[in-house]
Each structure stands twice: as structure tokens, then as C-alpha cells.
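Engineer: Following this message is one structure expressed as C-alpha cells.
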Amino acid sequence: MSSAKLILEGQEYELPIIRGSEGEVAINIRALRGTTNAITLDPGYGNTGSCQSAITFIDGERGILRYRGYPIEQLAEKASFVEVAYLLIYGDLPNAQQLEEFSKNLTRHSLIHEDMKKFFEGYPATAHPMSILSSMISSLGTFYSDADEEMDLNIVRLIAKIKTIAAFSYKKSIGQPFIYPSNELSYPANFLRMMFAVPAEPYEPRPVLERALNMLLILHADHEQNCSTSTARMVGSSGATLFHAISAATSALSGPLHGGANQKVIEQLRMIHRDGGDYQKYVDRAKDKDDDFRLMGFGHRVYKNFDPRSRILKGSVDEVLSDLGVKDPLLGIAKNLEEVALKDEYFIERKLYPNVDFYSGILYRAMGIPTNMFTVMFALGRLPGWLAHWREMVEDPASRINRPRQIYIGENERQYRPVAER
Ligand code: CMC
């Protein structure tokens, strides 16, 4: 077994090396504190592996993303979201019988308890749909047991019900009656119907919308140890229920540096459009160290060359918009921004490329999805990934409660003095 040598204050220590199936190397420091009394410090965990996982492989330098070994390009083009969810959670693509059963279960469990409908009434009209989603997922846990034997059923319940909750929260926000799920439709078509159908009129989801949504959900389905997935593992590691872990992951996703970026991208593009479309001005602002403005949808902790998801999205955005007959001035601004930024020394030096959130918002907009629902769409897509990681963690005998260390930089011991003496 190969090892690494650490010389700490003159003393030499040997640390075991762990290799992943794609040749990645990790120095196992698990015993470090026990033998040296030192810890490692890595704010933001940019260099820290928190687990070993067999779900998703990313090579940020080469722009590779694979779910369980399958390239994202192939899955986005050929697979259904339900197949991909099964693949992520159970490790292999389903055969025909497994797929039929899984799909049937997802259909059967897509209703939410009627009592839960009352919860929607309590939220103010201004409530952000991500806050509603996270609270509703947590509330789902009050209706179902989290016993071990219910694990697979709870996984199905969450995937089945999240789209119903998401669509109901939208309907509530625009004051329309809820549309119940239909057992006849595919997962994406069912969601579109619950979002856009009205009781008085027949609704047939357009195949172009169904295909685009299927692809978007697949592209978002997993991304190894990102902030929200790590949150699901972190919360789950304490033994908290699956519903709590997924609710916490949803909250983590809402932030503008993570899933919330897709909403911010469109808000930013709109702002540039209103300002006369002068994108160069905003590239300059993003480069200015005295200005905290960032180009949303640019940069990634892992991808340092290109984000393969963004390439796929850019490739399909023209096609989908033309199929839908939509002309969006924001698309032109986005392409110009990308072109300018990719030639600019600041972005080249820092390896800042458009990420998945850069073009997804333009597609969602063309599909008629309101801006404040964009991050909910991301959550719908990412849910199978969260579930796969949570399941992998609870089934791994080596996993234990997540509990990082710190370097204390506060006051040394001092004595309490009563308030009158301070
Ligand atoms: N615009 C301008 N400058 C940027 C940007 C940007 N979007 N992103 C990073 N930089 C600069 C940053 O100022 C820093 O410069 P310097 O070295 O001179 O201080 C350098 O690039 C490295 O940035 P960082 O913030 O240290 O990188 P990070 O790995 O900690 O953060 C990130 C990654 C995605 C949070 C960041 O690039 C960012 O804030 N991007 C905009 C928000 C965004 O699009 N988020 C979605 C990420 S993809 C989907 C997801 O994960 O949910």
C-alpha cells in the first residue's frame, strides 16, 4: 500500500493513501489527530473528501460528469428522468420490469395527504417557493414513519410528491385551484400539467416542453458532494429522518451561490437588458475588486475548463426556443456575456466558465416557468441525487456522525466579572 509522509515539527508520520476507481488520490488523515494532535484546516472543504462514494464521478479539469459510470451527454440525450433517478439510487439502469414498477410506484404515491393542502393557506402570498418546499418536505415527515423498512417507500414518496408540492405552491401563489396529478402522464408531463392546466380547459403538455424538462431534470440529478448533497449527508449522519435531511438539503440549495443562482442569472440578465444591454459594463463590474458584483452563472468550485451541463444546455436552448416560437432578448445578452467573458484575461486566469445555471433559466423562462420557481426546478432534478447519497451513507457501515474540528482563535481563559464591575 502506498503512503504519504508528513513531517510535522521535525517528526515524521506515515499516512495511508486511498485511490478511487478513476485514479484520484486521497491522503487518509483519519488517524492524524490521534497520533499527532494536529488537525487539517480547509475552510469551504475545497480539498477535503468527506466520504467514499460510488454514485457520481466528476473530472473538473476535463469537463467530465458521469452518473454511475454513464456520461451525462448520453443520459441527457437518451434516458428518462425516472430511469436516471433509479440509476442513481439503486446503482444500475432498471430493466423493463423494474422501470415499470418504479414508475407505477411514483404515480401511485404522487398525491399528498389532503390535510397538507391546508398548510399552503398559511403562507403569505410573497413566500418564496423554496421556503414553502423545504417546510413542506419537513412536514411530509409528520405523515410517514421513518422506520428502516419504509426507506424505499419513503424514497418513492419523496420523488412522487415533490412535484405535486412544487406545482401546488405555484398554483397557490397565483390564486388558481390545485390540479391533481394524473396517472396517465410521464413524470415531467405530469408536473407541467399540474403547473399549467386550469380546470375549465383541456391540457395536453407539448412534447417539446416534456423533452426539455426531462433533460433539465437529468442534468441536475446529481453532482457528488456539492453544498446541498453534503447537507443531506451531514443532517442524515446524526440519524435525523430522511425527510429532515432532504428538507435541509432543499434549504441549502436555495442560496444564490448554489441552486439559487439560476434565479439570479435571469434577474441579472433582465437588469442588463433594462440598462440598454451594455453587457461589457457588467463584465467590467464583475472584474472590479471594489465592486461586489459577480456574474451569476459563472464559475464553479470543481469545473475548471467547462461545465458539460452548460454545454448541453447551450446546445439545446436555440432548438427549444425556436420549437416554442419564443424570441428572448436575454438569450442574446447571455451569449454576448459568455463570449466576452471567455476572451477576458480575468475570467481566463480564474478559469471562470458558464455553469449549469447560466442557460437553464432561459429555458425555464421559455417554458413559462416563473423566475421564483427556477430553484424549485433545480430541487426537483437534484432530489434523486440527495436520496442516493443519503441511502449510500446510511447503508455504509463506515459512516459516522459528521463532526468537523476547528482551530479556536478566540480569547484565552478569563474570569467572569459581575455586570456592575464591567
Ligand atoms: N464573477 C466574477 N468573479 C468571480 C466569479 C463570478 N461569477 N466567480 C468567482 N470569481 C472570482 C473570485 O472573485 C475569485 O477571484 P480572486 O481570486 O481574485 O479573489 C476567484 O474567481 C475564485 O472564486 P471563489 O469565490 O474563491 O471560487 P469558489 O470555488 O469558492 O466559488 C462559486 C465558486 C460558484 C460559488 C463562484 O464562482 C460564484 O460565486 N459564482 C456565481 C454564483 C453561481 O453561479 N453559482 C452556481 C454554481 S453551479 C450550480 C451549483 O452548484 O448550484
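Engineer: Just to confirm my filter: which helices (runs of 4 or more DSSP H) fall fully inside segment 234-295 and include at least 2 residues that are among the polar types (S, T, N, Q) and within 22 Å of Ala334 (Cβ to Cβ)? Break it down stepwise before answering.
Structural biologist: On the way: elements: 242-253, 261-274, 279-287.
So the answer is 261-274.
Engineer: More than 20 Å from Arg233 (Cα to Cα), surrounded by 11 or more Cβ atoms within 10 Å (Cβ to Cβ) and modelled with pLDDT of 95 or more: does that describe Arg19?
Structural biologist: Details: more than 20 Å from Arg233 (Cα to Cα): yes; surrounded by 11 or more Cβ atoms within 10 Å (Cβ to Cβ): yes; modelled with pLDDT of 95 or more: yes.
Yes.
Engineer: Is there a residue being in a helix (DSSP H, G or I), open to solvent by 60 Å² or more (accessible area, probe 1.4 Å) and basic (Lys, Arg) anywhere in segment 377-388? Talk me through it step by step, then tell me what you get.
Structural biologist: The first filter runs over segment 377-388 and keeps only residues in a helix (DSSP H, G or I), leaving 377-388.
Keeping just the survivors that are open to solvent by 60 Å² or more (accessible area, probe 1.4 Å) gives none.
Within segment 377-388, not a single residue is in a helix (DSSP H, G or I), open to solvent by 60 Å² or more (accessible area, probe 1.4 Å) and basic (Lys, Arg).
Engineer: Same structure again: Inside segment 242-273, can you point out the residues that are away from the ligand (no atom under 16 Å from the Cβ), more than 19 Å from Gly297 (Cα to Cα) and open to solvent by 20 Å² or more (accessible area, probe 1.4 Å)?
Structural biologist: His244
Engineer: So which residues in segment 108-118 are assigned to a helix (DSSP H, G or I) and either of a type in the set (Gly, Ala, Ser) or crowded, with 18+ Cβ neighbours inside 10 Å (or both)? It would help to see each step written out before you state the result.
Structural biologist: Our first condition is that a residue be assigned to a helix (DSSP H, G or I); within segment 108-118, this holds for 108, 114-118.
If the condition is that a residue be assigned to a helix (DSSP H, G or I) and either of a type in the set (Gly, Ala, Ser) or crowded, with 18+ Cβ neighbours inside 10 Å (or both), then Met116 is the only one that fits.
Engineer: Which residue is farthest from the ligand (Cβ to nearest atom), if the candidates are limited to segment 306-358 and must be open to solvent by 10 Å² or more (accessible area, probe 1.4 Å) and aromatic (Phe, Trp, Tyr)?
Structural biologist: Phe306
Engineer: Test Lys314 against the criterion of being basic (Lys, Arg), under 24 Å from the mean Cα position of the chain (by Cα) and at positive phi, and give yes or no. Talk me through it step by step, then tell me what you get.
Structural biologist: Numbers: basic (Lys, Arg): yes; under 24 Å from the mean Cα position of the chain (by Cα): yes; at positive phi: no.
No; evaluated as a whole, the condition is false for this residue.
Engineer: Go through (1) within 18 Å of Phe378 (Cβ to Cβ); (2) crowded, with 20+ Cβ neighbours inside 10 Å one by one and return the number of the condition Val302 breaks.
Structural biologist: (2) is the only condition that Val302 fails.
Engineer: Something else now. Can you confirm whether Glu210 is without any contact (Cβ under 8 Å) to a residue 40 or more places away in the chain, closer than 30 Å to Gly69 by Cβ and not small (Gly, Ala, Ser)? Spell out the reasoning first.
Structural biologist: Values: without any contact (Cβ under 8 Å) to a residue 40 or more places away in the chain: yes; closer than 30 Å to Gly69 by Cβ: yes; not small (Gly, Ala, Ser): yes.
When the stated conditions are applied, Glu210 passes them.
Engineer: Quick one: which of Gly63, Gly44, Gly141 is open to solvent by 40 Å² or more (accessible area, probe 1.4 Å) and of a type outside the set (Phe, Trp, Tyr)?
Structural biologist: Numbers: Gly63 fails: open to solvent by 40 Å² or more (accessible area, probe 1.4 Å); Gly141 fails: open to solvent by 40 Å² or more (accessible area, probe 1.4 Å).
Just a single option satisfies the conditions, and that option is Gly44.
A quick yes/no check of all residues on (1) open to solvent by 20 Å² or more (accessible area, probe 1.4 Å); (2) in contact with a strand residue (DSSP E or B) (Cβ under 8 Å, 6 or more places away or on another chain):
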{"position": "Cys51", "(1), (2)": "yes, no"}
{"position": "Tyr67", "(1), (2)": "no, yes"}
{"position": "Gln74", "(1), (2)": "yes, no"}
{"position": "Phe81", "(1), (2)": "no, no"}
{"position": "Gly91", "(1), (2)": "yes, no"}
{"position": "Gln98", "(1), (2)": "yes, no"}
{"position": "Glu101", "(1), (2)": "yes, no"}
{"position": "Leu106", "(1), (2)": "no, no"}
{"position": "Phe120", "(1), (2)": "no, no"}
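Engineer: Let me ask something additional. Among the residues of segment 276-294, are any more than 9 Å from the ligand (Cβ to nearest atom), of a type in the set (S, T, N, Q) and within 20 Å of Ser131 (Cβ to Cβ)?
Structural biologist: No, every residue in segment 276-294 fails to be more than 9 Å from the ligand (Cβ to nearest atom), of a type in the set (S, T, N, Q) and within 20 Å of Ser131 (Cβ to Cβ).
The values are calculated or read from the model by the stated rules, or taken from the named source; none is laboratory data. Fair warning: this is a prediction, and the values are worked out from it, not measured in the lab. Glycine also receives a Cβ, built like all others from the backbone with ideal geometry; neighbour counts cover every protein chain displayed. SASA here: full protein model, heavy atoms, side chains in, ligands and nucleic acids out. Shrake-Rupley method; radii C 1.70, N 1.55, O 1.52, S 1.80 Å.
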